[in-house]
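Student: Below is the structure I would like to discuss, written out as structure tokens.
Coordinate-derived values only; no laboratory data. Nothing here was measured: the structure is a model prediction, and the numbers come from that model. With ideal geometry, Cβ positions are generated from the backbone for all residues, glycine too; neighbour counts draw on all protein chains shown.
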Amino acid sequence: MSLRKVWAIAGKELRQASRDPLSLAMLLGVPTMMLVMYGYAINFDVRHVRLAVRDLDKSAASRDLVASFVNSTYFDQVADLAANADLERLTERRVARAILAIPEGYARDLEAGRVAKVQLILDGADANTATTVLGYASALIGAANARMFLASPAAERVNRSPIDYQPRVWYNPELRSTQFLVPGLVGFILMLTAVVSTALSVVREKERGTLEQLRVTSLRPSELIAGKVLPYLGISLTATAIILVAARLLFGVSVRGPYLDLFVATLIYLIGALGFGLLVSSFADTQAMAFQVAMVTSMLPAIFLSGFIFPIRSMPLAVQVLTYAVPARYFNVILRGVILKGAGLASYGRDVAFLVLYATAVMGVAYARLTRKEV
Amino acid sequence: MPPVIEVEGLVKRFGAFTSVDDLTLSVSKGEVFGLLGSNGAGKTTTIRMLCGLLTPTSGSARVLGMDVARNPEGIKRRIGYMTQRFSLYDDLTVRQNLRFFGGVYGLRGHALGERTDWAVVTAGLEGKEDLLTRSLPGGWKQRLALACAVLHDPKVVFLDEPTGGVDPISRRRFWTLIDAMAGEGITLIVTTHYLDEAERCDRIALMHAGRLVALGTVAELKEVFAGRVLLEVACPRALEAQAQLEGQAWVLESAVFGTRLHVVVADAEEGRRRIEEALSGSGNVPAEVERIVPSLEDVFIHCIEAEEAARAARGVAS
């Protein structure tokens, strides 16, 4: 392989890219734009849930309970309901998503050491949100229970709560979904831009007939492939850096692990993605077709089969098997480890091995397809 | 001196379709060799085989002594090829295109600069080096494409329909370039539809449906009319006249050229008398019957009709 010829191709790609600032801006800017859009849009955190309160007890204890809901910032009190209020109208008109009902006698029961009753009514139309809200409410009630339990005389404590349950969530203590989504987004965005840009750059040459012209030169296929891959590798790595800076500034997600490990993992992942772009280009004859094939084959698996949003363990077995062929799956695991947990690549030997295997296999097949002779 | 290109019994099939059928020819050094034929005649397939891009189904072809099937890479290094579309990068400047192709051909440093300068002068693009290729007129792009294809100083250059869609003055200028290259001992193989371009070739091969139907210099090809006479008939209804004349024993061949009819006969005077006689009977009186020198087009029509007849005869026999 002649480095000079590789450089001739790579330099030409960069010159063409710089001649087309719009495309270059897309390659570098779209990832960040997607990060912003998806980062804010795919947000499973639920805050400021509209809460209506029907406090029939009107005691200091009942007010305390309502205050603990509102002070948590998960709930905003939007209405104070009378005894005869039509609860269904409230949820139907989406005035409130949750209704906290405290019956008369709540304070009295607590005082007497009896079990006091409290009801929470939830709008279950959006099941995901409802589940999250339910979790918050249970936690708030649990906390209230614990406070009252500690405040009660020691003698009465016996037999009431033998297990001291204190859950802790590591790495993402507030369970903020952006923490968890950003690494997945990096994998998804890089896959998309790397596959689309390489596929288009080769197919464009097919369409214009310049590929045919290059085939009559003494250029080796390996030189052509290296010359095509290198510039896009550089552009994609730059895009990665931009995404990480944006993730830090916008979502406060910082890289806790070693940068070198992050770089190596990204490099292997990108080589696989660029190889896949070359593979797509060997099938497609027009840029429109290449774009569609590249979008569908890189985007869908990276979203649905990578564990980015949907946990792989809860998929049907057949689909789980499929995910082994999706490089984003391994990359997500590694990125979450390096970015959130501060781990090094050494802890993810198996995932790195799979990424290397994928990159080698895809590049090999792409090479074979691009060098095959017409018959 | 051995020929630069030797083709023997060359066949290329794509599935059941035979694109090139038993082609045999040779081209010597410094020759401008024209490959003619309609679309689908097999010209481009032939050129792509000679460039080492396609492997022949059978037969052999040697370029500069190298076999196209055994050493395509060796051939690629020593030939120039200009594709039907001027395969340049529209979004690069003239100089960037030249330097890119030079780099791909492995030129470097001083040699690259020297060849780039030479190419700019040869293509007549001085002062336009920093223009975007996209903004160049067709004729300039065409000369730039040729310059890019010969940067590495090849001894054989293949031009596949190099003048498609280019204005006549640019075509003329392009052919001056071709003649100059031939003068330097470069062998050029040119495919074209244009008969005026064919006339500028040293020798011509006419292909029809994959087969070679005529081969030789322009003068040699016109020899098919030796001992016979071509008459041009100007009459009101040429098609009707042809239908009427065809089948007459003394009409050797006939073809309609626009509003005129070309008729091949054995003797000029007798032919003229008989044509006037036959046509005046049907009120299609010829205004003029003139003896003309056969053009290449007449030759090609003759050759293709002969080939079609032979093909039909083969079909009947088999």
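Student: Can you bin segment B:65-194 into rounded, prolate or oblate? Criterion: square roots of the alpha carbon gyration tensor eigenvalues sorted a ≥ b ≥ c, rounded for a/c under 1.5, prolate for a/b above b/c, oblate for the rest. Mind showing how you got there, number by number?
Tutor: Details: a/c = 1.63, a/b = 1.14, b/c = 1.43.
The shape class here is oblate.
Student: Based on alpha-carbon centroids, what's the gap between segment A:289-360 and segment B:116-177 in Å, whole number please?
Tutor: 50
Student: A further question follows. Between B:235, B:201, B:148, find the one with the highest GNM mean-square fluctuation for chain B; connect C-alpha pairs within less than 10 Å.
Tutor: For chain B, modelled as a Gaussian network with Cα springs under 10 Å, the answer is B:235.
Student: Further question: Does anyone have the angle between helix A:221-251 and the longest principal axis of chain A? Alpha-carbon axes, 0 to 90°, nearest 10?
Tutor: Helix A:221-251 sits at roughly 20 degrees to that axis.
Student: Also: Using the Cα gyration tensor of segment A:2-87, with a ≥ b ≥ c the square roots of its eigenvalues, what is the shape: rounded (a/c below 1.5), prolate (a/b larger than b/c) or oblate (neither)?
Tutor: Verdict is prolate for segment A:2-87.
Student: If we count other beta carbons within 10 Å of each Cβ, what is the order of B:261, A:237, fewest first? Present the calculation step by step, with values, prior to reporting the outcome.
Tutor: On the way: B:261 25, A:237 16.
Going from sparsest to densest Cβ surroundings: A:237, B:261.
Student: A further question follows. Fewest Cβ neighbours within 10 Å first, please rank A:188, A:310, B:101 accordingly.
Tutor: Details: A:188 26, A:310 14, B:101 30.
Ascending number of Cβ neighbours within 10 Å: A:310, A:188, B:101.
Student: Need one value for B:92-99: mean number of C-beta atoms belonging to other chains within 10 Å of its residues' C-beta atoms. Display every interim value, and only then the final one.
Tutor: Working: counts 4, 2, 0, 0, 5, 2, 0, 4.
Average neighbour count from other chains, rounded to a whole number: 2.
Student: With viscosity set to 1.567 mPa s and temperature to 4 °C, compute the Stokes-Einstein D of segment B:1-82, Rh being the Kirkwood radius across alpha carbon pairs; µm²/s, no decimals. Mind showing how you got there, number by number?
Tutor: On the way: Rh = 12.9 Å.
Translational diffusion coefficient: 100 µm²/s.
Student: Taking only Cα atoms of chain A, what ratio of Rg to Rh do you get with Rh as the Kirkwood inverse-distance radius? Before the final figure, lay out the partial values.
Tutor: Numbers: Rg = 28.2 Å, Rh = 24.5 Å.
Across chain A, the Cα-based Rg/Rh ratio is 1.15.
Student: For chain B, the longest stretch holding no GluC sites (Glu not before Pro) located in a DSSP loop with at most 13 other Cβ atoms within 10 Å is which? Display every interim value, and only then the final one.
Tutor: Working: sites that count: B:126, B:184, B:199, B:246.
Between exposed loop sites, the widest span is B:1-125.
Student: How many partner chain Cβ atoms sit within 10 Å of a residue's Cβ in peptide B:149-155, on average, as a whole number?
Tutor: Numbers: counts 3, 0, 1, 2, 0, 0, 0.
Counting other chains' Cβ atoms within 10 Å and averaging over B:149-155 gives 1.
Student: With r as the distance between the Cβ atoms of residue B:13 and residue A:70 and R0 = 56 Å, compute the FRET efficiency 1/(1 + (r/R0)^6) and round to 0.05. Don't skip to the end; give the middle numbers.
Tutor: Details: r = 82 Å, r/R0 = 1.47.
Once rounded, the FRET efficiency stands at 0.10.
Student: Using a 10 Å cut-off on Cβ to Cβ distances, tally the other chain neighbours for every residue of A:202-210 and report the average as a whole number. Working shown, then result.
Tutor: Working: counts 0, 0, 2, 2, 0, 1, 6, 6, 10.
That works out to 3 on average.
Student: Could you check the spin-label model distance between residue A:138 and residue A:318? Points 7 Å from the Cα along Cα→Cβ, value in nm.
Tutor: According to this spin-label approximation, the distance is 3.3 nm.
Student: Take the alpha carbon atoms of segment B:76-111, find their center, do the same for segment B:264-278, and report the distance between the two centers in whole angstrom.
Tutor: If you average the Cα positions of each part, the centres end up 57 Å apart.
Student: Using a 10 Å cut-off around each Cβ, can you sort B:208, B:110 from fewest to most neighbouring Cβ atoms? Please list the in-between numbers first.
Tutor: Values: B:208 23, B:110 8.
Going from sparsest to densest Cβ surroundings: B:110, B:208.
Student: Evaluate the relative contact order of chain B (contact order divided by residue number), counting alpha-carbon pairs under 8 angstrom at least 6 apart; express in whole percent. Mind showing how you got there, number by number?
Tutor: Working: 579 pairs, mean separation 58.8, N = 318.
That works out to 18 percent.
Student: Restricting attention to the alpha-carbon atoms of chain B, what are Rg (one decimal) and Dmax (integer), both in Å?
Tutor: When restricted to the Cα atoms of chain B, Rg and Dmax are 23.2, 79 Å.
Student: Based only on Cα atoms, what Rg/Rh ratio does segment A:186-227 have, Rh being taken as Kirkwood's radius? Numbers along the way, then the final one.
Tutor: Numbers: Rg = 12.7 Å, Rh = 11.5 Å.
With Rh from the inverse mean 1/r over Cα pairs, Rg/Rh is 1.10.
Student: To the nearest 10 degrees, how steeply does helix B:109-122 sit against the main Cα axis of chain B, on a 0 to 90 scale?
Tutor: 30
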